[in-house]
Each structure stands twice: as structure tokens, then as C-alpha cells.
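Okay, so here's the structure we're looking at.
The values are calculated or read from the model by the stated rules, or taken from the named source; none is laboratory data. Just so it is clear, the model here is predicted, and its values are computed rather than measured. Virtual Cβ from ideal backbone geometry, glycine too; neighbours counted across all protein chains shown. All accessible areas refer to the heavy atoms of the entire protein, side chains included, with ligands and DNA or RNA removed. Shrake-Rupley method; radii C 1.70, N 1.55, O 1.52, S 1.80 Å.
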Amino acid sequence: MKLKNIFLYAAIAATAMGMSSCEDILDQEPLDSFTDEAVWGDLHLAELYLNDQYARLMPENSKMAWFASYTDEVYQKHKYGSENYTQGYLTPDQSNLGWGDTMWDPWYNYYDYIAKLNLFLERIDGVPGDDNYRDTLKGQALFLRAWNYHMLYGLFGRVVIVDRTFDLDYPFGDERRADLDEVADFIVKDLDEAAALLENADYDKSDLGRATQGAALALKSRVLLWKASPLFGTPSHEKWQAAADAAKAVIDLNQYYLKPVDSSEEYAALFFDPTNPEVIFEKLFDPKYGAGRNVSYLHQAPMGPYNGYQGWGTLDPTHEVAARFQLKDGTHVEFPDYTEEYPWANREIRFNANYLLDGDMWGYGNDYSELELFLGDEEAGTSAGRNSKENYESEWWNVTETGYYMRKFLDPSYDMTGTTMHTTPWFFLRLAEVYLNYAECQIELGNNGEALTYINKVRNRALLPDATGADIRAEYEYERQSELLFEGQRFFDIRRWKKLEEVYSQPLHVMTIRHIGYDENGNRKKSYQCVTEGWVWSDAQQEWVIDNLLAPRRYAGEKHYWLPIPRWELNKCPWLDALPYER
């Protein structure tokens, strides 16, 4: 039996309801909801309940602060609560990881989500109807519960395992956190059951975004990779082998492949194509039914009316990561501290797919124009570019502070000035990550040849030559960051590898670009300089000031590897550990 479109959740199906009585005006069925008895008496209505849970999935492009904001990938200009983590303010009394929905109180939000899935899983077996249809719905719910637990596992480590609904008189105060391996094993159990139930799921084209057998196996790969990593316990051959086997199970499905590309434009286009053949699980947005909101253009795109997008420049990519990108021939060159030559030439295709730079053409329709980030030079008598913070006729407060904008995920054909909601999907799981998960496991198991095979599958798709294996761990970490850049994995990687302090100790640099004159053909001459100080908006002085981007904006200590449980939750359950590093 075919499943209904994922966006058709319960609220829009109210017209199917009738009234139980016409005699008493107060004795009527509600017209905007279903009764509990109705939902659990009809598989189609149960599916609508489940669809509503898909709508709750929170991707990065629905947030103001992304996980990349807490790494060396992004400088979060407008903060939006991200400073709680980056400046080391997290405590049980100040526990939010950033503004907006799940990150404001991830502990509560993920458990609230899980509670709704637990109700579904308790009731679905008793709903009459087709057995295969019921099993498919149950498999999806198990996957979604595992997804939420994997987020809790990644953020808090040891968490309380709740797999049932509770009565009002349940003794919540007795709850305790499970051990790290116990949490991982519970998630894997749900995913194994989901994979079995979803093996023969009958989907059609309208069901993009639903959980599949491949999604369950891919998430299992990620969870077991975390379980094998130093932060989550003591690594062992057995754990790495289990993680390797999980990744290989996805590969052996032969359902996904890396789509070949010939240019940075084609590589960039992979990330706004919901039918991309490497996508395993994704969040979709639909303007008709309003299933979530995509705010990537608002927070990524260049500022001001000149480009047609009115971006806020919130997520400023760092120079540190940009400078690591290899040339097209696979070699690395040291980025110059100062040069009057264009410094980004001949980079591998993922570089230009990920970044918008000074001089790039960007915008929609009549607003398609050159991005001008350069500053003026008083001695040369030159003026600043129209997208510069020195141009006070523009939205200068939204100018990037690092010299880079985030290009990845932005569809250049989208007109934000129109009325159509942006529908670019978010990829939660894709094959490139699974290949890299498998490669890391093989490195840890001592099988460097096998690891290189899968590292090079990812490199070759990016038109790079094979890695050599001369320093396979460094080659692997380069590939993982370059391929998964801005997708949120770096936050979990540097923590699970226990490299948070190392990454946070490195200074952030600003790319300062100046218009220093004209050449013999009348073209602008520019200088490019990397400095640790840059223009930062001062709330106190209400103006731009020169400041160091490193201090006091990034701090990491042992206790910041895990998020603290909010105080109000600790008060309800006194047996919970108060601090994230107490295990």
C-alpha cells in the first residue's frame, strides 16, 4: 500500500471529520483535530500523526546558529546564543546551545519529540489495517526515535533511556543516566529493528524524505563510529570492526552512488537537488504545507540590496579552513600573509562551491553583479566596494567579518525577493559520509589500503588525484572536513577525537582586501592580507572597532565536551549528574 505524501500531516485533514450529534451545539467533534480513538483506529490517521513528527526534524538550515558555528569552520557574527558554547559560559543554569527551537533547550526538545514517538510505537501494533503498511510506519517511527536519541548521545553522552509513555504518578526523580555504551546499544537496537521493517518499504516519488532501510543502516554507521571514538569510551578493535561493518552494510546495498561532476558549479548543485543519488536521508521543505522553514539565504547570503538576497552575513566562513584547500592537482600551498596577486586561483572544485569571495558574481536577475568586499585606500585615493563595511549606504552591519561568505547550499536561481518559500533540502545522511566513516574505521583497524580506496572515491568525485597514504590520517581528516564542510559533522568530530582544545587554541584570521589603485588597463588592483585583527561591531560603542577575533570569543575545557543538563531538569530528577563531565 502506498504511503501518503509526507507533508500531508494531521492538521490539514480535518475536513474528513464529521459531527457525532446535530442536536446539541456543544456536542460536536472538533473540526481541526482528530480524537485519540480515531487516530489509533485508522492506519491512515496514524500515518498523519507520524508525518507531523517528520515536520519536527530540525536541520541546520532552519537554525540561526549551526553546529559549524562551534568549530573552526564558521565565525558566528551575530552570535544568537552561540557564545554560550564558544566562550565557555555553559552551566546547568545557562545551558542553551544557541537561540531557536531545539538548541534553546535540546534536552527538553529531544525528549519531547521522543515522547510523541513512544506514544506512536505503543499504539501502532493495535491499529487495524494492512500489516505491511503498519510495519513500514513502525519502522519509520523507530528510526525517528533513534535519530533523536543519537542527537542526545552526541550532545550529552550519557542520557536517560525512555522507551515508553508515563503515567502522571511515575517517580521521575528516580531516573538515572545510562552508560555510554548502553545508550549506543539502545539506538542500534532501534535501528536494526527499523532496517528490518523498512527493507520492503513501498514508497513513490511523493515520499522523498521518509526513513528507509538505508537511512537506518547509515545512522547506525554514524552511531557506532562515535561509540568507537575516544570521547565515547575506550576504543577497541571490536568497536571499530562493528562500525566498519555497519558502514559496509550501507555500501553493499548498492542503492546510492556519488554523482559525477565536472565543475564547482555542478558540485554545488548537488546540495540543492533532493533527488541527488547519494542522499540517504534528507529534510524537505514544502511551501504549500509549510513543513519547516529554510533560512539559509537569510543567514548565509551576502548583505545588502546589491545582490538581491538581503543576507545578514551571520555565518562567516573562517580563513583558516579556506586556506587549507588544495590546488586542483592535489598539492597544498601555504597561503601568503600578504600578496597583490589573486590568492584563490586554481583551488579544487569544492573550494569555489563552498565559498563566495570578493570579485565573485552573485545575485538574481538584475541584481546579478560583482561582490565587492574590498576596502578603500586613503593614500591611493581609492574608495571601498559597495558590499564593504566602509560603505555606509549599504547594510554594512551585515558584512562578513572574515572576508568570506558561505556559498554551499545556496541555489543561485532562487529569487528571495519573490513569494515562493525556499525549498532547498538539507541532507542529514549521504553516501560520502558513509564512505569516510568506513575509511576511518579501516585506518583504526590497520587496513590503510582499504581506507585509501574509499578516501579516493570521495577525492576523485571532486576531480582530485588519489591520496597516497603517506600520512593517511592527515589525508583522511582533510577529506572529511573538505567534503562535509558546514554540514555539522565537524562539531562532533573534533569532540569525539578529543581535539576541541587544540582546535580552539588556533587563532582566527581575517582576509582584509584593499583597493590600492588601477593597472594599465584601468582594472582595480588589490592587496590581500591575512590578519588576526579585524573590524568587529561593538555593542557598547555602537560602531565598528578593531578587535582580535580570537579572544575572548573561543574557550574550551574538559567540561565543554558534553552539554550540561538544565537546572530545572536536575531539580526534577536529582539522581542525574549535575555536570557533563561527571560520569
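Over the Cα atoms of the chain, compute the convex hull volume and normalise it per residue, giving Å³.
Given the Cα convex hull of the chain, per-residue volume reads 177 Å³.
How do 461-472, 520-531, 382-393 rank on mean C-beta neighbours within 10 Å, highest first? It would help to have the intermediate numbers written out before the result.
Numbers: 461-472: 15.9, 520-531: 13.7, 382-393: 18.6.
The peptides rank, most packed first, as 382-393, 461-472, 520-531.
From the cross-link list Lys283/Lys499; Lys189/Lys248; Lys189/Lys283; Lys498/Lys559; Lys116/Lys138; Lys283/Lys408, which pairs have alpha carbons spaced over 20 Å apart?
Violating the 20 Å Cα-Cα cut-off are Lys283/Lys499; Lys189/Lys283.
Given the Cα-Cα distance of Glu199 and Glu341 and 0.36 nm per residue of separation, how much length would full extension add, in nm?
Full extension of this stretch gives 45.6 nm more.
According to a simple spin-label model (label point 7 Å from Cα along Cα-to-Cβ), what is the distance in nm between Thr532 and Trp104?
About 3.8 nm separates the two model spin labels.
Compute the accessible area per residue over the chain, keeping the other protein chains in place, probe 1.4 Å, unit Å². Intermediate results must be reported in sequence, preceding the final value.
Details: 23910 Å² over 583 residues.
Ligands and nucleic acids excluded, the figure is 41 Å² per residue.
For region 206-223, just list the computed ³J(HN,Hα) in residue order, Karplus coefficients 6.51, -1.76 and 1.60, θ = phi - 60°, integers in Hz, with x standing in for Gly and Pro.
Using θ = phi - 60°, the values come out as 6, 9, 4, x, 7, 5, 10, 4, x, 5, 4, 5, 5, 5, 4, 4, 5, 5 Hz.
Determine, for each peptide in 87-98, 214-225, 149-160, the mean count of other beta carbons within 10 angstrom over its residues, then list the peptides with the highest first.
By packing density, highest mean first, the sequence is 214-225, 149-160, 87-98.
What order, most packed first, do the peptides 119-125, 431-437, 365-371 have when packing is the mean number of other Cβ atoms within 10 Å of each residue?
431-437, 119-125, 365-371
Give me the one-decimal nm value for the distance between modelled label points at Asp179 and Asp411, 7 Å along each residue's Cα-to-Cβ direction.
Once both label points are built, they end up 4.8 nm from each other.
Can you list residues from other chains, or at least 5 along the same chain, whose modelled amide H is less than 5 Å from the amide H of Asp286?
Answer set, sorted by chain and number: Ala291.
Dividing the convex hull volume of the alpha carbon atoms of region 351-476 by its residue count, what do you get in Å³ per residue?
Cα-based convex hull of region 351-476, divided per residue, equals 181 Å³.
Any idea what the relative contact order of the chain is, in percent, if you count C-alpha pairs under 8 Å spaced at least 6 apart?
18
What list of ³J(HN,Hα) couplings, whole Hz, do you get for region 117-127 from phi and the Karplus terms 6.51, -1.76, 1.60, once you set θ to phi - 60° and write x for glycine and proline?
Once θ is set to phi - 60°, the couplings for region 117-127 become 6, 4, 4, 4, 5, 6, 9, 5, 5, x, 7 Hz.
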